[in-house]
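Structure record follows, encoded as structure tokens.
What follows is calculated from the coordinates using simple rules that are stated; it is not laboratory data. Model, not experiment: these values are computed from the prediction. A quick note on method: Cβ atoms are made from the backbone with ideal geometry, for glycine too, and the neighbour counts reach across all protein chains shown.
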Amino acid sequence: MRAVTRDFQEMLSEQWEYRELLYQMTVRDLLVRYKQTIMGFGWAVFMPLVNTVLFSVIFTRVARLDTDVPYPLFAYTGLLFWNFFASSLRFAVISLSGNANLVTKIYFPREIFPFSAILVCLVDLAVGATILIALMIYYHVRPGPTLLVVPLLLLIQTLFTAGVGLLIAMANLFLRDIKYVFEMVLMIWMFATSVVYPVELVGGKLGTILTMNPMTPILDGYRATILRGELPAFGPLAIAAALAIVTMLVGWLVFHRAEYQFAEYA
Amino acid sequence: MEQPAIVFDRVWKKFNRAQRFNSLRDLVPAMVSGLVRRRRDDELHGKEFWALHDVSFEVRPGEALGIIGPNGAGKSTALKVLTRILRADRGASKVRGRVGALVEIAAGFHPDLTGRENVFMQGAIMGMRRAEILRKFDEIVDFAGVAEFIDTPVKRYSNGMNARLGFAVAAHLDPDVLLIDEVLSVGDLQFQEKCYERMKRFARSGIAIVFVSHNLSAISMLCDRVLVLRQGRVEALAPTHNAITVYATLVQDAKVAELSRHEVIVRMLDAHGARVSEVEAGAPITVRVTATRPPTGKFFHAELRVLHLESGTSVYRSTSRAAGAEPLMLQPGGAMEIVWSLTANLGRGHYGVSCAIVNEHAQWVAVSAPALLTVNERRSEQAVVHLDARCVVRALQPESAMRTCTEDEQSHLTRRALT
């Protein structure tokens, strides 16, 4: 236990020491994307928007789905925050293997790679949120004081994302197949989460299994606090929060302890 | 005595010759063992080998240690253990203070970003604060000589510009310990000179330096002591010149390992017959070689070789036959003596003088260890050979311009030459 405490002290002090690198790395990735693509940050809006239109057609015309808020708003909120999760992990999974030249040549805390991947996507989230505001105005949805809970939800989601991100970035360094496997996992995960439909509708045994997915209470929490002005259901969210914290702590510790091997596998 | 800034204490590091993992069966135990951090798996398994085999050294502040050795000797591995990129399997590596590493200096560059953006990125990678980079920014750009392209994406830079900018960032670190890995092969001669100057300034400023290089002249210019590695083991840890001799022996060894070199002994004598290892350029020297009869062959002659240690190039090779001595027939159990008289018309530097015995089939049958010859010469800036240049400077007219400079002007010139 003493060893674990010492490791966490070391991890935090290293992060603090290299905080400017985390900032620079994030700025670099944002700049690069802005320079390499014509749309730049437009992509942050474009992807969830296209998906929203797509699922709106499916779930309002093909298979009618009753939601307590207008469906496009329901779907966009889900997709926006899911996208933050999914694209963070897509960047994180290749963040170590894709920076092999840095990993093998220069020492700094390797956590910076997956962390900056998440920060970049957090910026995308902020950009995408402007469309959410526009949709809310269009549908005359007025946010209440529960909006103050959103940062807490975001914190829980970010911790969970970071924990998973650290683990898969490391795993992909040791075994390059992880990247492909994870792409598939993400697709299944999306439909196992209340992103474009309430996952309670699944029901049965499968439905019971799906309630363990921490992403559902988080996304439901966003919808409750932003769209309906309600507080999120405490029980499921508390479990999700606990799981997020455990994932982050375990993920980071494992990452840190395996770090010295990275240069040999990159 | 000051505390050492770097302690490399009995370090062992293993590598695997095989593919990383052939199956999940190998991977899972390896990952699990990686998590149990304090228990180390320090035995060799399968195709593993020791890339570093019980290597120890210390470097004190203000001292520069060179690391040389043939390819694959473990030089870069040692450096990576020092920078914490790799972790030792046994032993410990401790570095005190802020570490600057001149290793793969443009590694953090992104081709789509401008020079300016990359300077900040690279600086942060090397552990510089943003404020520090801002303060030194102009200096860095000036040093790299890319001022007019600083807002151009580096993908439009030449390789040289790229490397120069990378080095410039690293050169403006303010470290307590500096680790340098063969980075000076970048840029043109003028830039290389600038790099050496910079490194010398680092060395004088009292920081500890570890310098890995194949360039022996750079090593001997910068380092006080040199560690010679071969196949992960320490061959020597000695003052620079001695270590370079060991290295020269190693290099030659690789070529003629099978030849029994101890049967041939080379001695160098000055004009008075006293043994020397250091001479003035242009001085006469005698190389006296004694050899017992090699096992194969009947008629023998000798071949003299002079190797410039700094560059590793052979500067002279001649046979006793070419110098006018007939091959000698030797009975079993016999011995021979070869005496060469020559003039050390060599540039300043270190040379390895060795002698091989050649039989009638033109086979090398024995070879000596190289003897170290240091040539002193103060009149040239840079020289491969001793041209014994002398010089007179005079004004042609007007008559009044013909005066030598005053003492003040003289010291001003000297100062400028030094900086």
Semi-axes a, b, c in Å (a largest) for region B:259-419, each sqrt of 5 times a Cα gyration tensor eigenvalue, come to 45, 15, 13
So what is the relative contact order of chain A, in percent, for Cα pairs below 8 Å that sit 6 or more residues apart?
26
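Got the relative contact order for chain B handy, in percent, Cα pairs under 8 Å and 6 or more residues apart?
It comes to 14 percent, rounded to a whole number.
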Arrange the peptides B:235-245, B:134-144, B:78-88 so that the one whose residues have, on average, the most other Cβ atoms within 10 Å appears first.
B:78-88, B:235-245, B:134-144
Under 5 Å from the placed amide H of B:A383, counting only residues 5+ away or on other chains, we find B:R348
How do B:337-346, B:109-118 rank on mean C-beta neighbours within 10 Å, highest first?
B:109-118, B:337-346
To the nearest 0.05, what FRET efficiency results for B:D151 and B:E193 with a Förster distance of 25 Å applied to their C-beta separation?
0.35
I'd like the Karplus ³J(HN,Hα) series for region A:196-204: coefficients 6.51, -1.76, 1.60, θ = phi - 60°, whole numbers in Hz, and an x wherever there's a Gly or Pro.
10, 8, x, 6, 4, 4, 4, x, x
Among rounded, prolate and oblate, which fits region B:215-353 when a ≥ b ≥ c are the square roots of the eigenvalues of its C-alpha gyration tensor, a/c under 1.5 means rounded, and a/b larger than b/c means prolate?
oblate
Among A:T52, A:I168, A:P151, flag the residue with its Cα farthest along the positive direction of the charge dipole of chain A, charges on Cβ as +1 for Lys/Arg and -1 for Asp/Glu.
A:T52
Through the Karplus equation 6.51 cos²θ - 1.76 cosθ + 1.60, θ set to phi - 60°, convert the phi angles of region B:10-15 into ³J(HN,Hα) values in whole Hz; use x for Gly and Pro.
6, 8, 10, 9, 10, 10
Summing -39500 (n - 2.57) over every DSSP H run of at least 4 in the protein assembly as shown, dividing by its residue total and rounding to the nearest 500, the 222 nm mean residue ellipticity is -14000 deg cm²/dmol
With +1 on the Cβ of every Lys and Arg and -1 on the Cβ of every Asp and Glu, the dipole magnitude of chain B about its Cα centre, in debye rounded to the nearest 20, is 1200
Which whole-number percent gives the relative contact order of region B:259-419, counting Cα pairs below 8 Å spaced six or more residues apart?
28
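Counting partner chain Cβ atoms within 10 Å of every residue's Cβ in B:109-116, what's the average?
The per-residue average across the peptide is 3.
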Calculate, axis by axis, the spread of Cα positions in the protein assembly as shown along the three principal axes, and write the results as whole Å, longest axis first.
108, 76, 49
Peptide A:103-112 - average C-beta neighbours from other chains (10 Å radius):
5
Sequence-distant or interchain residues sharing an amide H contact under 5 Å with B:I285, placed H: which?
B:L342, B:T343, B:A344
Which peptide among A:80-91, B:369-380 comes first, and what is the full order, when sorted by highest mean count of other Cβ atoms within 10 Å?
A:80-91, B:369-380
Give me the inter-chain shielding for B:83-89: mean count of other chain Cβ atoms within 10 Å, whole number please.
5
Using the Cα centre as the reference, give the magnitude of the dipole from point charges on the C-beta atoms of the protein assembly as shown (Lys, Arg: +1; Asp, Glu: -1; all else neutral), rounded to the nearest 20 debye.
820
Taking θ as phi - 60°, what are the ³J(HN,Hα) couplings along region B:365-378 by the Karplus curve (6.51, -1.76, 1.60), each to the nearest whole Hz, with x for Gly and Pro?
10, 7, 8, 8, 6, x, 9, 7, 10, 9, 10, 9, 6, 10
Entries of A:K179/B:K136; A:K105/B:K136; B:K47/B:K200; A:K105/B:K155 with Cα pairs more than 32 Å apart:
A:K179/B:K136; B:K47/B:K200
In terms of the Cα gyration tensor, with a ≥ b ≥ c the square roots of its eigenvalues, is chain B rounded because a/c is under 1.5, prolate because a/b exceeds b/c, or oblate?
oblate
About its Cα centre, how strong a charge dipole does region A:2-265 have in debye, to the nearest 20, once Lys and Arg get +1 and Asp and Glu get -1 at the Cβ?
320
